[in-house]
Amino acid sequence: MEGISILLSTRQSIRKVISLSLFASICCTALFGHAQAVSADEPFTFPPAVTEEQSPAPEPFAEQPSPFQEEIDQEPTPTQAEKIISTGTHFLGVKYRFGAPSGITYAFDCSSFTQYIFKKNGIVLPRTSSQQSTKGVKIAKKDLAIGDLVFFKDPGRSGKIGHVAVYAGNNKILHTGGKGGVKFSTLSSPYYTKHYVTARRVVISNS
């Protein structure tokens, strides 16, 4: 009887081993099949290396123009007063002639000169210095600006206005009279300081 019991026990053990072997085989097959399915559906590959030739070239830097460049490049436009002075300088050295007719340019007296250069820039003045001294707006000497008319008395005519010039800035006047004809003179010189009477502004906006 003991031998039969041992035999039965051995058979049961063999069956358990076979069952475990079958279970392990089934599990391995299932796992391997799943791995193959994942590998087939979602293959993993490394991205290709980017070479220097394939690298995109950087875009060249486009320098933006300065918003002030146009203003810097443009020269300032001369004002009307500056144009009057510029017109007058074209006649530097032209001889002085008392009573010179209006409009001629080979000779001027003081008021025909101012009348001419102002007219060339759109401002009409009367013929004589005393008549011109009534036009425009009276200006104090300390407030003189380029283009203002400056008047002086005539020593030989009881202090009446007998000379006119144009203020050119920097203490200078542009006028004609006596030796040298059309010229620049210093407003603060003793002679013109002594005979100064008044100043008038006929270039209202100086623009």
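The values are calculated or read from the model by the stated rules, or taken from the named source; none is laboratory data. Source: prediction; values computed, not measured. Note: ideal-geometry Cβ built from the backbone for every residue, glycine included; neighbour counts use all protein chains shown.
Listing for the model above:
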read-out	value
Test: residue in the range 145-163 that is of a type outside the set (A, V, I, L, M), out of contact with any strand residue (DSSP E or B) (no Cβ under 7 Å at 6 or more places or on another chain) and either at pLDDT 95 or above or closer than 19 Å to GLN80 by Cβ (or both)	no
Which listed residue is assigned to a loop (DSSP other than H, G, I, E, B) and either of a type outside the set (Gly, Ala, Ser) or in contact (Cβ under 8 Å) with a residue 40 or more places away in the chain (or both), from LYS135, LYS142, LYS194	LYS135
Residue tally, condition surrounded by 14 or more Cβ atoms within 10 Å (Cβ to Cβ) and either over 35 Å from the mean Cα position of the chain (by Cα) or at pLDDT below 95 (or both), over the range 106-125	11
Any pair with Cβ under 8 angstrom, 6 or more apart, that starts in the range 156-172 at a residue that is in a strand (DSSP E or B) and ends at one that is modelled with pLDDT under 90	ILE161/ASP154; GLY162/ASP154; GLY162/GLY156; HIS163/ASP154
Candidate set: the range 177-191, residues that are in contact with a Lys or Arg (Cβ under 9 Å, 6 or more places away or on another chain) and assigned to a strand (DSSP E or B); chosen: the one surrounded by the most Cβ atoms within 10 Å (Cβ to Cβ)	VAL182
